[in-house]
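Visitor: I am attaching a structure below and will ask some questions about it afterwards.
The values are calculated or read from the model by the stated rules, or taken from the named source; none is laboratory data. If you're wondering where the values come from, they're calculated on a predicted model, not measured in any experiment. Cβ atoms come from the backbone with ideal geometry, glycine included; neighbour counts cover every protein chain shown. Only protein heavy atoms, including side chains, enter the accessible area calculation; ligands, DNA and RNA are left aside. Shrake-Rupley method; radii C 1.70, N 1.55, O 1.52, S 1.80 Å.
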Amino acid sequence: MTWFLGGIAFLVLGYFTYGKFVERLIPPDDRATPCVAHPDGVDYVPLPKWKNMLIQLLNIAGVGPVIGVILGIKFGKVALLIIPVGCVFMGAVHDFFAGMISMRSNGANMPRMVREHLGSAYAAVFGWIMMAALLLCVTVFINTPATLIDRQWFPDVSVFWWSVVLIFAYYVAATLFPIDAIIGRFYPIFGALLVLGTLAISVALVAAGFAHPEILNDCAGFASYQATNPLFPCLFVTIACGIISGFHATQSPIVARTCRSEREARATFFGMMIAEGVIAMVWAAAALAIYNLKPENLSLAGPLVLGNIAKHFLGPWMGGVTVAAIVVLAITSGDTALRSARLSLAEELKVDQVNVGKRILTCLPLAAVVVGLLAWSNRDATSFGHLWNYFAWMNQLLSTSMLFAATVWLLRLGRGRKALVTLLPGVFMCLVIMTFILWASPEKGQVWGLVPGGLPMPAALAGAALVTAVAVFCVIRSGRAARPTEG
């Protein structure tokens, strides 16, 4: 219980201390934000601060801080330490700079931010990786809530594919309509459901933890999982959103286009990542408890464990409400993931998105790819596991790219050593990703990596260190090469 409550306290303290320090690196001012300078009635629409914060939280807090930590806690309760530390010093920093750079670049999407700060050659490859990650994300965020609906409320008859159709139809509508027509209107309702569900599982968990402290100790069944999944780098790939997530950098520009003042940035971007960290801590501790109480859950897929947690701690009625809150998390990230994919593709192809017909044409090929991924991922449990793993490491490649782009931005603004705020977490995540894709292989129970059969861990670490060193050299050289006209 000490690790759990201490981690949450660290997150709150981190917002009021480190969050203020990071904000001082790029002090907000009174310049006109994108929605004030260039309103278009579709994507550039001024919204109140509270609504922007809620939209940002629901956009970024998908199933990652729930399903990811349900899997990630199998590395042991050390995850309850790594989640808050990583969230404050990596994830929240990442989200803050993604939002601020976009806001000061007229709401630029991630591919343009990467191109302007890391170069067109890297951006050309990055754009395809980001699009693949977004479409994998949309697929995960259709698959998971549809599974939860099917298992939680309709145990005797399958409604999975009906749920898929309805959720996907909502995603398409949400990405085509102006942001204040659906997202801005319904998110307050979704947010209330999220708060209610998270609060319910938190109260039940704390009560159970004080009554039976042993349920928050490491489970004996974790040993077999840890034997094939080394803590570094696998933990930081498995917990794909609760610590840091490149997906957030694709979402922050959506809200950067609706903020009426730069002074909203710390609460909206840094603060909502802290809130996601709290959600991740709650579900990590709940998963630790259920694995101790009912070890048979260790062999189940994440969505099924989630449902079992809700039923065990809250019963069928309130457990159903809590599962509904997680369904909301998934749906409110999936819709904006598809929206971000549309905006990014349109930006790359220079297709105007004010006209609804052009929005539909831009969306059609994206929808076709998602349908194909859904068909593949539902063949068996292994396929879904691979879908999650591919999404997870691509997601963290996005976070690395965003942190390096932010470092270049800070260096060009003359921030000097203060750029270490973004460079150091970028270096760490680059080591994570490169080690994972050099080491991973199906023979090791992982997805396909870069090397057939995968390198031994020492060789993978050495290769990752070399790639990271080259990346840091290029980032620093790029940061010293030119100064922007404004920042």
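Visitor: Among all the lysines, which ones have a C-alpha under 21 Å from Lys350's C-alpha, if same-chain residues fewer than 8 places away are not counted?
Guide: Reachable lysines: Lys358.
Visitor: Okay, next question. Treating only the Cβ atoms of Lys and Arg (+1) and Asp and Glu (-1) as charged, compute the dipole magnitude of segment 301-445 about its Cα centre; round to the nearest 20 debye.
Guide: The dipole of segment 301-445 has a size of about 460 debye.
Visitor: So, in nm, how far is label Asn106 from label Leu13 when the simple model puts each one 7 Å beyond its Cα toward the Cβ?
Guide: Going from the Asn106 label point to the Leu13 one covers 4.5 nm.
Visitor: Taking the Cα centre of the chain as the origin, how large is its charge dipole in debye, to the nearest 20, when only Lys and Arg (+1) and Asp and Glu (-1) carry charge on their Cβ atoms?
Guide: So the magnitude is around 1020 debye.
Visitor: Let me ask something else. Using the basic label-point model (7 angstrom from Cα toward the beta carbon), what is the Arg31 to Tyr170 distance in nanometres?
Guide: Simple spin-label model gives 3.8 nm for this pair.
Visitor: Another one. Just read off the accessible area of Arg115 with the full protein assembly in place, 1.4 Å probe, to the nearest 10 Å².
Guide: Around 90 Å² of this residue is reachable by solvent.
Visitor: Starting from the Cα-Cα distance between Ile129 and Val369, subtract it from 0.36 nm times their residue separation and give me the gain in nm to one decimal.
Guide: Between Ile129 and Val369, full extension yields an extra 85.0 nm.
Visitor: To continue, here is another question. Per residue, how much accessible surface does the chain expose to a 1.4 Å probe? Answer in Å², no decimals.
Guide: About 37 Å² of surface per residue is accessible.
Visitor: Would you be so kind as to identify which of Ala337, Val467, Ser441 lies farthest towards the positive end of the dipole of the chain, taking Lys and Arg as +1 and Asp and Glu as -1 on Cβ and the Cα centre as origin?
Guide: So the residue we want is Val467.
Visitor: Take the alpha carbon atoms of segment 67-97, find their center, do the same for segment 273-329, and report the distance between the two centers in whole angstrom.
Guide: Taking the Cα centre of each part, segment 67-97 and segment 273-329 sit 17 Å apart.
Visitor: What number in nm² do you get for segment 1-143 if you take the convex hull of its Cα atoms and divide its surface by four?
Guide: The orientation-averaged projected area of the Cα hull of segment 1-143 comes to 11.0 nm².
Visitor: Report the Cα-based extents of the chain along its three principal axes, largest first, to the nearest Å.
Guide: Sorted largest first, the three principal extents are 59, 50, 44 Å.
Visitor: Hey, another quick one. Can you give the FRET efficiency for Ser224 and Met1, using 1/(1 + (r/R0)^6), R0 = 22 Å, r = Cβ-Cβ distance, to the nearest 0.05?
Guide: The calculated FRET efficiency here is 0.25.
Visitor: Where in segment 24-67 are there trypsin sites (Lys or Arg not before Pro) that are in a DSSP coil and have at most 13 other Cβ atoms within 10 angstrom of their Cβ?
Guide: The qualifying sites are Arg31.
Visitor: What part of the accessible area of segment 300-339, given as a whole %, is carbon or sulfur when the probe is 1.4 angstrom?
Guide: 73
Visitor: Now for a separate question. Could you give the alpha-carbon Rg of segment 284-381 over 2.2 N^0.38 Å, rounded to two decimals?
Guide: Here the answer is 1.52, to two decimals.
Visitor: Expressed as a whole percentage, what fraction of the accessible surface of segment 78-213 belongs to carbon and sulfur atoms when a 1.4 Å probe is rolled over the protein heavy atoms?
Guide: 76
Visitor: Enumerate the helices in the chain for which the Kyte-Doolittle hydropathy averages 1.0 or more and the C-alpha atoms extend at least 30 Å along the helix's axis, using complete DSSP H runs.
Guide: Those that clear 30 Å and a mean of 1.0 are 120-153, 183-211, 271-293, 356-377, 457-481.
Visitor: How would segment 1-80 be classified by its alpha-carbon gyration tensor: rounded, prolate or oblate, with rounded meaning a/c under 1.5 and the a/b versus b/c comparison settling the rest?
Guide: oblate
Visitor: Follow-up question, since we're still on this one. What residues of segment 18-55 lie in the reach of a label at Arg185, counting those whose backbone N is under 20 Å from a point 7 Å from the Cα along Cα→Cβ?
Guide: From segment 18-55, the list is 40-55.
Visitor: Next question. Would you mind computing, in nm to one decimal, how far apart the modelled labels at Trp376 and Leu424 are, each placed 7 Å from Cα along Cα→Cβ?
Guide: 3.9
Visitor: Here's something else I'd like to know. Anything over 24 Å Cα to Cα? Flag those among Lys77/Lys311; Lys294/Lys444; Lys74/Lys444, in the order listed.
Guide: Lys294/Lys444
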